[in-house]
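Participant: Okay, here's the structure, questions in a sec.
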Amino acid sequence: MRPGEPWGEPFAPGPGARVVDVAGDDADLAAAAAGDPGAVLRFDPAPASDLARALGLGPGGPPSGPGRTLVACDLLDLEPDLGDGGPAANAVVLGVAPDRLRPWHRLRPVTVEVDGRVVGEGRATTVVVASGQFLRGADLVPRGHPGDGRIEVQVYALRPGERGAMRTRLAGGDHVPHPRITQASGRRAVVRWARGEEPVEADGHPRGRAGEITVAVRPGAARVLL
């Protein structure tokens, strides 16, 4: 999808169309899309769904029948697939999540590549790889779009005294740009921590720890009814 292009198409269910009802959070939506490729997902989001916020979906999801809009949302594939949890639908956080970052969290040596290009090399607390825009309701990635076929990457190297102000500005997306938050965009990110393993969170759920992980976008893999 190019900037300015319309997103989505009218939904007209034909013979053989599979409309699947999915209730839950972003991880539930990702699991349903991965488990039934090609199905149209009628999503009834839980309050914790950040993707629903980006899509403008409220509790109860879209009504049944034609006349709705069908959009193709991206999924994020993790390699290794920690905990066999499958893809993510919104965001993967490596290290300490920005909304939970405190002065005592230590900067760790890390290298971040996007599409084979090094975009971050040094000490950081956090790497975010997102297809969506929000994290726990905060406007974490203001330029994120869940259906543009790209990932947005942020690398946080904030000093301890800067982290409280960053958290305050997260709600409105005013934490970026910042000289110690590197931003990049692409299709595939590789994150390598130089010393040991760091926590991994996908769609708000802990997924264990990893010293190296690859996150790649799978464009349009989740067909969601609005």
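Participant: Those residues that are assigned to a strand (DSSP E or B), at positive phi and in contact with a Gly (Cβ under 9 Å, 6 or more places away or on another chain), I need them from region 71-95; list them, please.
Facilitator: none
Participant: To continue, here is another question. For the condition of a type outside the set (A, V, I, L, M) and loosely packed, with under 13 Cβ neighbours inside 10 Å, what is the one hit in 13, 98, 37?
Facilitator: When all the criteria are applied, what remains is 37.
Participant: Also, I was wondering about something else. Cβ contacts < 6 Å: first residue free of Cβ contacts under 8 Å to residues at least 40 places away in the same chain and farther than 14 Å from residue 154 by Cα, restricted to region 168-181; second residue of a type in the set (Gly, Ala, Ser) and open to solvent by less than 50 Å² (accessible area, probe 1.4 Å), any location; separation 6+ or different chain. Result?
Facilitator: From residues that are free of Cβ contacts under 8 Å to residues at least 40 places away in the same chain and farther than 14 Å from residue 154 by Cα, the pairs are 171/138.
Participant: Which of the residues spanning region 40-64 are of a type in the set (Gly, Ala, Ser), open to solvent by 30 Å² or more (accessible area, probe 1.4 Å) and in contact with a Phe, Trp or Tyr (Cβ under 9 Å, 6 or more places away or on another chain)?
Facilitator: 54
Participant: Which count do you get for residues in region 161-213 that are among the β-branched types (Val, Ile, Thr) and assigned to a loop (DSSP other than H, G, I, E, B)?
Facilitator: Matching residues across region 161-213 total 1.
Participant: Mind checking which residues of region 80-118 are among the acidic types (Asp, Glu) and under 18 Å from residue 206 (Cβ atoms)?
Facilitator: 81, 84, 99
Participant: Using the structure shown, decide if residue 192 is open to solvent by 50 Å² or more (accessible area, probe 1.4 Å) and either over 23 Å from residue 76 (Cβ atoms) or modelled with pLDDT under 95 (or both).
Facilitator: no
Participant: Another question about this same structure. When residue 127 is evaluated against the numbered criteria (1) part of a strand (DSSP E or B); (2) modelled with pLDDT under 95, which criterion, by number, is the only one it fails?
Facilitator: (2)
Participant: Moving on. Can you work out which of the residues in region 141-159 that are open to solvent by 60 Å² or more (accessible area, probe 1.4 Å) and modelled with pLDDT of 95 or more is nearest to residue 53 (Cα to Cα)?
Facilitator: Only one residue fits best here, namely 150.
Participant: Are any of the residues in region 44-66 touching a residue at least 24 places away in the same chain (Cβ under 8 Å) and in a strand (DSSP E or B)?
Facilitator: No: region 44-66 contains no residue that is touching a residue at least 24 places away in the same chain (Cβ under 8 Å) and in a strand (DSSP E or B).
The values are calculated or read from the model by the stated rules, or taken from the named source; none is laboratory data. Keep in mind that what you see is a predicted model, and the values were worked out from it rather than measured. A quick note on method: Cβ atoms are made from the backbone with ideal geometry, for glycine too, and the neighbour counts reach across all protein chains shown. With ligands, DNA and RNA removed, areas are computed over all heavy atoms of the protein, side chains included. Shrake-Rupley method; radii C 1.70, N 1.55, O 1.52, S 1.80 Å.
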